[in-house]
Every structure is written in structure tokens, then in C-alpha cells.
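Structure record follows, encoded as C-alpha cells.
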Amino acid sequence: MQFAGSHILSIAQFERPDVEHLFAVADRMQPYAHRRRVTKVLDGAILGAMFFEPSTRTRVSFGSAFNLLGGEVRETTGFEMSAIAKGESLYDTARVLSGYSDVIAMRHPQEGSVAEFAAASRVPVLNGGDGSNEHPTQALLDLYTIRKELAGRGIDQLRIAMVGDLRFGRTVHSLCKLLCLFDGIQVVLVSPAELRMPPSIVEQLRVAGHKVLESEVLEASIRHVDIVYSTRIQEERFSSQQEADLYRGRFRLNQSIYTEHCEPNTVIMHPLPRDSRVTARELDDDLNDNPNLAIFRQTDNGMLVRMALFALVLDVADQVDRHARDVNWYTGGRFDGL
């Protein structure tokens with residue numbers, strides 16, 4: 001794909017060389033994401049961060065990634081804080097906000113809404129999640145994390161179990177589509193029958209030549225995998241809280257289950273937020289000291305990938321180092337050992 005000036009709306013835009021190029025640029029962002037260097041390559045550029053659905057990691061990560069490249073961020077959060085609450089269309093909003101911004105990151109609760117907005121935008125738009133449809137940047141950072149966690153082994157021949165709400169979990173939808181670009185993947189889809197992966201995505205995996213097994217049993221499904229990718233119940237997608245509660249806590253992974261059923265180096269991932277309420281705990285707190293718990297390395301990697309996307313879409317990837325200097329404040333070694 002041609003990154004410069006492009007919208008990033010769906011994993012369907014990517015071919016394998018595009019992903020590999022993106023990851024190579026993300027690798028080069030590490031000195032800046034880890035606060036060893038400062039770059040002002042996007043000095044004067046403005047990111048419009050438009051999040052019409054609750055978000056912490058994605059919203060702050062997009063903004064911080066842009067800041068670390070030297071740009072400024074202007075935010076809109078929630079419908080009630082925007083002119084959409086007064087009846088303004090996505091078309092009008094896009095035409096206006098794209099005049100104020102050089103690039104836009106957007107999350108919206110309706111499927112297809114970000115693409116609709118992008119069609120009217122005068123600047124590139126990055127999809128931060130559109131309903132239960134897709135979350136392409138999360139899938140890219142997840143795959144980048146998998147590549148790093150497997151220590152150079154590569155993504156081909158990956159064995160992965162995806163666990164939880166696979167019907168409404170847009171992160172796993174996008175990740176499955178991304179895995180179709182690779183070879184010999186074994187995917188175990190673990191969910192209640194009512195929350196199974198959409199059949200169209202299962203079919204995409206099989207057409208790509210991957211082995212797919214669907215299961216409702218956690219323990220047997222995580223015994224011979226490289227990655228356990230857990231998801232929370234997407235309660236905001238259900239018609240009622242009572243319906244969501246029927247599935248909360250159905251699949252819980254704790255240290256005891258991990259020790260008994262997982263291989264010693266199985267990596268544990270989650271797009272976050274994990275539901276830590278007593279009734280849920282899809283990833284128990286007793287896993288926090290497990291060195292194979294990669295959930296916070298995922299969030300750190302999200303900075304690298306989103307910085308790389310901004311640099312590529314705004315066509316400055318080859319200029320980052322020319323606008324750089326050393327950091328002159330205390331960073332606390334927070335990234336040591338990563």
C-alpha cells in the first residue's frame with residue numbers, strides 16, 4: 001500500500017510487505033518512545049483525536065505517539081462534547097475538523113462510521129475502533145508484540161488461542177484478518193457458543209490455509225499454544241447488562257490454571273482493559289508476576305506502532321532522526337529490560 005496520505009481504516013488494506021515495512025519503522029521509533037531521544041519531525045502538525053466512545057489506552061496512546069513526534073493534539077471525547085449532539089452529520093463534522101487537523105484518529109460506536117467520516121475528510125483518518133467491526137491499529141500492535149515475544153522465531157507457524165467474547169471483540173476480528181497474511185497458523189477459538197467468532201472471519205482463516213478449531217473448553221484449548229489472547233466480555237455491545245452478565249467470568253485464567261495447562265513459555269496477551277471485578281477476572285491478578293504476562297509490553301508496543309503509522313502516513317519516516325536530540329530529563333529507567 002501507499003502509506004503517505006492514506007486513511008488507515010481496515011486490515012484489508014495491508015499486504016504482508018506493508019506490515020513488515022511498518023514494523024521496521026516501529027523498531028526505529030524505540031529511542032523516542034523510550035525517552036532516550038526527542039524528535040520534532042512533526043513540529044507544527046495537529047492531530048485531531050475524536051473519540052465518541054470510552055477509551056483510555058487507545059486515545060492517550062494516539063495522542064502521546066503524536067506528541068513524541070513533536071506534534072500537537074486536540075481532543076473531542078464523547079458525543080455530548082461535540083456538535084454531533086446538536087444533529088451535525090459525520091460528513092459536516094469531517095469537513096470541518098479536517099480543516100483544523102493534519103491527521104485524525106477516530107473511535108465511534110457504529111460499524112462503518114469511521115470509513116464514512118474518512119470519505120468526507122480532507123486529511124488522513126486512522127481508525128481507533130468502529131463498533132464491533134475492526135480495530136486495525138490494535139491488531140498491528142498485537143502482531144508486533146507477538147513477533148517480539150517469540151524472540152525472532154517469526155509469525156509463520158504460530159499457535160494461538162483466542163479466548164472470550166469473540167463475537168463482539170473487534171480486536172480479535174482484526175487480528176484474525178491480519179494473521180491471514182502469514183503461513184501455517186493454528187488458531188483455537190474459545191468462547192461460549194453465543195459469542196463465537198463471526199463465521200465470515202473463520203472462513204477467511206481457513207481459506208488462508210490455517211487450521212481453525214472452535215471450542216467451549218478453556219483448559220484443553222491452551223495446552224499447546226504459543227499465545228493465549230484473552231478478551232473481556234464487551235458488555236457495551238449487549239442489549240442489557242443482565243445479558244452480558246450471563247457470560248462474565250466464564251473463562252478465567254489464573255496462575256494455577258496456567259501452570260497446569262500451558263507450556264512454560266506460553267505468552268499471555270490481552271488488549272485491555274481486563275475486567276478485574278470479582279465476577280470476571282479473565283486474567284487474574286495472581287498472573288501479574290508471571291514473566292510471560294505481556295499485557296503491559298503490548299501497551300508500550302502500541303506507542304511504537306502508532307508513531308510509525310503517523311510517520312508513514314505523514315511521510316516523515318526518513319526524517320525523524322534529522323530532527324532529534326538527546327533527552328535532558330530524568331526518565332527513571334521505566335523501559336529497562338523491555
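The values are calculated or read from the model by the stated rules, or taken from the named source; none is laboratory data. Remember, predicted model here, so these are calculated numbers, not experimental data. Cβ sites come from the backbone with ideal geometry, for glycine too, and all protein chains shown count toward neighbours. To get the accessible areas, we keep the full protein, side chains included, count just its heavy atoms, and leave off ligands, DNA and RNA. Shrake-Rupley method; radii C 1.70, N 1.55, O 1.52, S 1.80 Å.
Scanning region 133-169 for residues that are open to solvent by 20 Å² or more (accessible area, probe 1.4 Å) and in contact (Cβ under 8 Å) with a residue 24 or more places away in the chain yields ASN133, ARG147, LYS148, GLU149, LEU150, ASP156, GLN157, ARG159, ARG167, PHE168.
Within region 46-70, track down each residue that is within 23 Å of ASP321 (Cα to Cα) and crowded, with 20+ Cβ neighbours inside 10 Å. Selection gives LEU47, SER61, PHE62, GLY63, ALA65, PHE66, LEU68, LEU69.
Taken as a whole, the structure places HIS108 among residues that are free of Cβ contacts under 8 Å to residues at least 60 places away in the same chain, open to solvent by less than 30 Å² (accessible area, probe 1.4 Å) and of a type outside the set (A, V, I, L, M, F, W, C). What is the residue count in region 1-39 for residues that are open to solvent by less than 50 Å² (accessible area, probe 1.4 Å), within 18 Å of ASP315 (Cα to Cα) and in a helix (DSSP H, G or I)? Within region 1-39, residues that are open to solvent by less than 50 Å² (accessible area, probe 1.4 Å), within 18 Å of ASP315 (Cα to Cα) and in a helix (DSSP H, G or I) number 8.
Would you check which residues across region 111-132 are open to solvent by 10 Å² or more (accessible area, probe 1.4 Å) and of a type in the set (Ser, Thr, Tyr) and list them? Break it down stepwise before answering.
From region 111-132, those open to solvent by 10 Å² or more (accessible area, probe 1.4 Å) are 111-112, 115-116, 119, 121-124, 132; that's our starting set.
Matches in region 111-132: SER121, SER132.
Comparison of GLY209, GLY184, GLY128 shows that the only residue that is in contact with a helix residue (DSSP H, G or I) (Cβ under 9 Å, 6 or more places away or on another chain), farther than 14 Å from TYR229 by Cβ and not in a helix (DSSP H, G or I) is GLY128. For region 45-60, a residue qualifies if it is of a type in the set (D, E, K, R) and within 15 Å of the chain's Cα centre (by Cα), and the qualifying residues are ARG57, ARG59. It is to be established whether one or more residues within region 89-97 are in contact (Cβ under 8 Å) with a residue 40 or more places away in the chain, open to solvent by 10 Å² or more (accessible area, probe 1.4 Å), touching a helix residue (DSSP H, G or I) at 6+ places or on another chain (Cβ under 6 Å) and not acidic (Asp, Glu). Among the residues of region 89-97, not one is in contact (Cβ under 8 Å) with a residue 40 or more places away in the chain, open to solvent by 10 Å² or more (accessible area, probe 1.4 Å), touching a helix residue (DSSP H, G or I) at 6+ places or on another chain (Cβ under 6 Å) and not acidic (Asp, Glu), which makes the answer no.
Being more than 27 Å from PRO291 (Cβ to Cβ) and modelled with pLDDT of 95 or more is the requirement here; does HIS173 meet it? Walk me through it before giving the result.
Details: more than 27 Å from PRO291 (Cβ to Cβ): yes; modelled with pLDDT of 95 or more: no.
It is false that HIS173 is more than 27 Å from PRO291 (Cβ to Cβ) and modelled with pLDDT of 95 or more.
Could you check region 183-196 and list, in sequence order, the residues that are open to solvent by less than 10 Å² (accessible area, probe 1.4 Å) and either at positive phi or not small (Gly, Ala, Ser) (or both)? So that I can check it myself, show each step before the final result.
In the first step, residues of region 183-196 are kept if they are open to solvent by less than 10 Å² (accessible area, probe 1.4 Å); the result is 185, 187, 189-192, 195.
Matches in region 183-196: ILE185, VAL187, LEU189, VAL190, PRO192, LEU195.
Within region 291-320, residues that are surrounded by fewer than 19 Cβ atoms within 10 Å (Cβ to Cβ) and part of a helix (DSSP H, G or I) sit with their Cβ atoms under 9 Å from residues that are modelled with pLDDT of 95 or more and acidic (Asp, Glu), at 6+ positions apart or across chains, in these pairs: ARG297/GLU149.
Of the residues making up region 211-221, those that are under 26 Å from TYR144 (Cβ atoms) and either surrounded by fewer than 19 Cβ atoms within 10 Å (Cβ to Cβ) or under 22 Å from the mean Cα position of the chain (by Cα) (or both) are LYS211, VAL212, LEU213. With respect to the conditions (1) modelled with pLDDT of 95 or more; (2) surrounded by 15 or more Cβ atoms within 10 Å (Cβ to Cβ), ASN288 falls short on a single one, namely (2).
A quick yes/no check of all residues on (1) modelled with pLDDT of 85 or more; (2) more than 25 Å from VAL225 (Cβ to Cβ):
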{"residue": "ASN254", "(1), (2)": "yes, no"}
{"residue": "HIS261", "(1), (2)": "yes, no"}
{"residue": "ARG274", "(1), (2)": "yes, no"}
{"residue": "ALA280", "(1), (2)": "no, no"}
{"residue": "VAL316", "(1), (2)": "yes, yes"}
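In the set (1) over 12 Å from the mean Cα position of the chain (by Cα); (2) closer than 14 Å to LEU272 by Cβ, the condition left unmet by ARG170 is number (1).
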